[in-house]
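Below is one structure, written out as structure tokens; the observations come after it.
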């Protein structure tokens, strides 16, 4: 997530009226987040626990979105891609 998006998210969380809900959201996001660093060749290493949870072994699919990207295992992405293809005509009607 870009720094500006993180700043907005943090501001939205801080604006929540319930301290308990703020803590829950912070803990949920913080426990699942990492700050990725590039190596000398400009690559990102996916931590082993995250790769295992995403079923990523020796191959991954990088999917570009408008303002971010997602990293998928090929099998899981094939499933999502098929669901997206089935839903896309209805969604496109909503925006245009």
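Each value in this text was obtained by applying a stated rule to the coordinates, not by laboratory testing. As the structure is a prediction and not an experimental result, all values here were calculated from the model. So basically every Cβ, Gly included, is an ideal-geometry build from the backbone, and we count neighbours across all protein chains shown.
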Open item on the list: Given the criteria in contact (Cβ under 8 Å) with a residue 24 or more places away in the chain and on the phi < 0 side of the Ramachandran plot, does residue 13 qualify?
Closed with: no
Task: Positions within the stretch 14-51 being assigned to a helix (DSSP H, G or I) and under 18 Å from the mean Cα position of the chain (by Cα), in sequence order - done: 25, 26, 27, 28, 29, 30, 31, 48, 49, 50, 51
Task: Failed condition for residue 55, given (1) on the phi < 0 side of the Ramachandran plot; (2) part of a loop (DSSP other than H, G, I, E, B) - done: (1)
